[in-house]
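Take a look at the structure set out below.
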Amino acid sequence: ESFMLAISLAVAAIPEGLPAMVTVVLSIGVQRMARQGAIVRRLPAVETLGCASVICSDKTGTLTQNKMTVTRLEPATGVSEGRLLQYAALCCNAEVQTNGRKKATLSGDPTETAIIDAAARHKILVMEDRKKYPRMRETPFDSSRKRMSVVCRLPEGLAMIVKGAPDILLARCSMDEHTRRGALATNEQMANRALRVLAVAYKPVAQAQTTGEEHLTFLGLIGMNDPPRKEARAAVKICRHAGIIPIMITGDHAATANAIAREIGITDGTRSALTGATLDKMNEEALKEQLRDCRVFARVTPEHKMRIVKALRAMGHVVAMTGDGVNDAPALKAADIGCAMGSGTEVAKGAADMILTDDNFATIVHATEAGRGIYDNIKKSVHFLISSNIGEIVAVFFASILGLPTPLLPIQLLWVNVVTDSAPAIALGMEPTEPNIMRQAPKPVNQNFFDKTLALHMAMEGTLMGAVTLLAFVLGRRMLGFGGDDLPLGRTMAFSVLSFVEVLHANNKRSARSLLAIGPFSNKQMNFANVVCCGLQVLVVAFVPLCEIFGTVPLNGLQWLTTAALALVPTAAMEIEKLGTALHARRAYRLRRG
């Protein structure tokens, strides 16, 4: 008897379905996220994503549509718009592609395709110009240099053409101070209208190998409009409700970044962007102080991104960071959640925890919501499994304390843990996300999974389930049998009550709201689990060959009715407790509103 008691307690204490449940729920959640455009490369990242308190996002293509259109040209004195666009187009790598009779299309960087498109509207034959004026050398764009240069053979000889950030390029042009200030003022004015501005300059060179990008002749400014994504403003609003801080980090001009940030709600315009040059002058403590209210960073390099991530993490934030270039890989690795763009480099994708196939900021927010939902569902499933195991332990242990035989055989407990617990636990993990989950503050990353409130609820629920199981054992053994001490009947009733009460308990754990509020049949997977588990339990009790294996006996109508009534007691008690909590919360809300 002691040996059987020890085995029963051992089986009751171990939730056999827990590891499988967690893996299955995470896998299903990751599949759902992939369908929404967020491919998770590491399963543990799902929980971390649900805890994110800061999302650091690039501007171009993530918060904006990355559909550039040249809307304003400001040629230098004596330079025509056509010449400005021709030289800019020669310093582009975008290609015009034709496919049979279909209209020609542009491929390449959106900034360069916008320039080529504008040149075409000005009747400039870019492809023909490239053949007439062959490129002899190229120095590609770099995030730290913020410019690109090429050497082409023009009719007047070799010339270096440079395009890049106006504030960088104008400092390298030969011009009087008045003209320089005028160009910078025009650049500022265009940037304040949310235009992305490029400067174009050139100089004659003696040989193709010339690398010096100084003493340039200024040709003009090109302003491009890149409208915000339609869904970006709504996504930023969701972030604010969810206690998540959205931060824009871009290489663009500060005025452009400020204008876009105001338009989508990242900032109210009271605080201007912090530039990379200013960051270079700050120590770590000063940076942390700025991060308390600064939401826009402009003219930054990948090294600045790394500093921002480290400072935010040192402040206790859980940081999600976007990136697409090779140089972004260290910052993606340093962040709690690295989000690489689907259009980015393989190096960035390899360093990231998640890949955004559509390069969309809203997808990060939706993935964060999904991460919170997955974490919440796993917590519900763990709550269900452990409280159920506590119920089993209570039934077996207190029967021993009271001097009663073991109410549940080891094989019966194993059946409950593996069959009638596992399917409802997995169905719980597929529960739809709670509607208010993005109106709650993110969970602190160091918060204990089993807090005091959760532990108390599990203990109380488990005790109640164990008590009705033990009551079923006593009733079946002494009162509902055919006279005398009917141990098999008592065990059968205890076994059935425990199985049914745990199936009902899984339904109860679907939400903190009552079953009537969420709809008792709204989870199809749970409905399937209910039918399968209850059907298998009835079969184990009613089918004689299985009765011999599990030590059960068939029940009559009164015994089934008693079993059903006892199984409903814990669920009814928990639903009443939910109703009381809801009424108390509503009363407190009315008092706060006065």
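Numbers for the structure displayed
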| item | result |
| --- | --- |
| Residue ID - most open to solvent (accessible area, probe 1.4 Å), chosen from residues in the range 570-581 that are under 20 Å from G466 (Cβ atoms) and without any contact (Cβ under 8 Å) to a residue 60 or more places away in the chain | I576 |
| Extreme residue, nearest to W415 (Cα to Cα), among residues of the range 516-533 that are in contact (Cβ under 8 Å) with a residue 40 or more places away in the chain and open to solvent by less than 40 Å² (accessible area, probe 1.4 Å) | C533 |
| Sole residue being under 25 Å from T345 (Cβ atoms) and touching an Asp or Glu at 6+ places or on another chain (Cβ under 6 Å), chosen from P246, P302 | P302 |
| Sole residue being hydrophobic (A, V, I, L, M, F, W, C) and open to solvent by less than 40 Å² (accessible area, probe 1.4 Å), chosen from V382, V418, V347 | V382 |
| Test: residue in the range 94-108 that is out of contact with any helix residue (DSSP H, G or I) (no Cβ under 6 Å at 6 or more places or on another chain), at pLDDT below 95 and crowded, with 18+ Cβ neighbours inside 10 Å | no |
| Selection status of P140, more than 18 Å from Q86 (Cβ to Cβ), of a type outside the set (V, I, T) and open to solvent by 50 Å² or more (accessible area, probe 1.4 Å) | yes |
| Output for the range 211-270, where each listed residue is among the charged types (D, E, K, R) and free of Cβ contacts under 8 Å to residues at least 12 places away in the same chain | K230, R262, D268 |
| The range 471-523: number of residues that are modelled with pLDDT of 90 or more, basic (K, R) and over 30 Å from L583 (Cα atoms) | 1 |
| Test for R372: is it over 16 Å from M526 (Cβ atoms), open to solvent by 40 Å² or more (accessible area, probe 1.4 Å) and among the charged types (D, E, K, R) | no |
| Some residue of the range 475-488 being within 22 Å of S388 (Cα to Cα), crowded, with 22+ Cβ neighbours inside 10 Å and more than 46 Å from the chain's Cα centre (by Cα) | yes |
| Residue in the range 158-168 that is over 40 Å from the mean Cα position of the chain (by Cα), modelled with pLDDT of 90 or more, open to solvent by 80 Å² or more (accessible area, probe 1.4 Å) and farther than 18 Å from A254 by Cβ present | no |
| Residue, modelled with the lowest pLDDT, within the range 448-462, restricted to residues that are open to solvent by 70 Å² or more (accessible area, probe 1.4 Å) and not aromatic (F, W, Y) | N448 |
| Flag if D129 is of a type in the set (D, E) and open to solvent by less than 30 Å² (accessible area, probe 1.4 Å) | yes |
| Enumerated strands (runs of 3 or more DSSP E) restricted to the range 164-275, each holding at least 2 residues that are among the charged types (D, E, K, R) | 195-204 |
| Those residues of the range 139-157 which are more than 41 Å from the chain's Cα centre (by Cα) and assigned to a loop (DSSP other than H, G, I, E, B), in sequence order | P155, E156 |
| Residue match in the range 121-138 (condition: modelled with pLDDT under 90, closer than 22 Å to R299 by Cα, outside any strand (DSSP E or B) and not hydrophobic (A, V, I, L, M, F, W, C)) | no |
| Residues being in contact with a Pro (Cβ under 8 Å, 6 or more places away or on another chain) and surrounded by 13 or more Cβ atoms within 10 Å (Cβ to Cβ) - total across the range 534-560 | 6 |
| The range 545-569 residues that are assigned to a loop (DSSP other than H, G, I, E, B), paired with ones that are among the hydroxyl-bearing types (S, T, Y) and crowded, with 16+ Cβ neighbours inside 10 Å (beta carbon under 6 Å, 6 or more apart) | T552/T492; V553/T492 |
| Positions within the range 276-323 being polar (S, T, N, Q) and open to solvent by 40 Å² or more (accessible area, probe 1.4 Å), in sequence order | T278, N283, Q290 |
| Selection status of L274, in contact with a Cys (Cβ under 8 Å, 6 or more places away or on another chain) and under 21 Å from A320 (Cβ atoms) | yes |
| One residue from A235, A191, A206, A183 being among the small types (G, A, S) and touching a Lys or Arg at 6+ places or on another chain (Cβ under 9 Å) | A235 |
| Inter-residue pairs, beta-carbon under 8 Å, first in contact (Cβ under 8 Å) with a residue 60 or more places away in the chain and in the range 306-318, second open to solvent by 60 Å² or more (accessible area, probe 1.4 Å) and among the β-branched types (V, I, T), 6+ apart | V318/V445 |
| Lone qualifier among A234, A199 - being buried (at least 22 other Cβ atoms within 10 Å of the Cβ) and modelled with pLDDT of 90 or more | A199 |
| Any hit, the range 395-404, residues being open to solvent by 10 Å² or more (accessible area, probe 1.4 Å) and in contact with an Asp or Glu (Cβ under 8 Å, 6 or more places away or on another chain) | no |
| Residue check, E575 acidic (D, E) and within 23 Å of L475 (Cβ to Cβ) | no |
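The values are calculated or read from the model by the stated rules, or taken from the named source; none is laboratory data. Everything numeric here is computed off the predicted structure, so don't read it as measured data. As a convention, Cβ positions derive from the backbone with ideal geometry for all residues, glycine included, and neighbour counts pool all protein chains shown. Quick note on the areas: whole protein, heavy atoms, side chains included, nothing else; ligands and nucleic acids left out. Shrake-Rupley method; radii C 1.70, N 1.55, O 1.52, S 1.80 Å.
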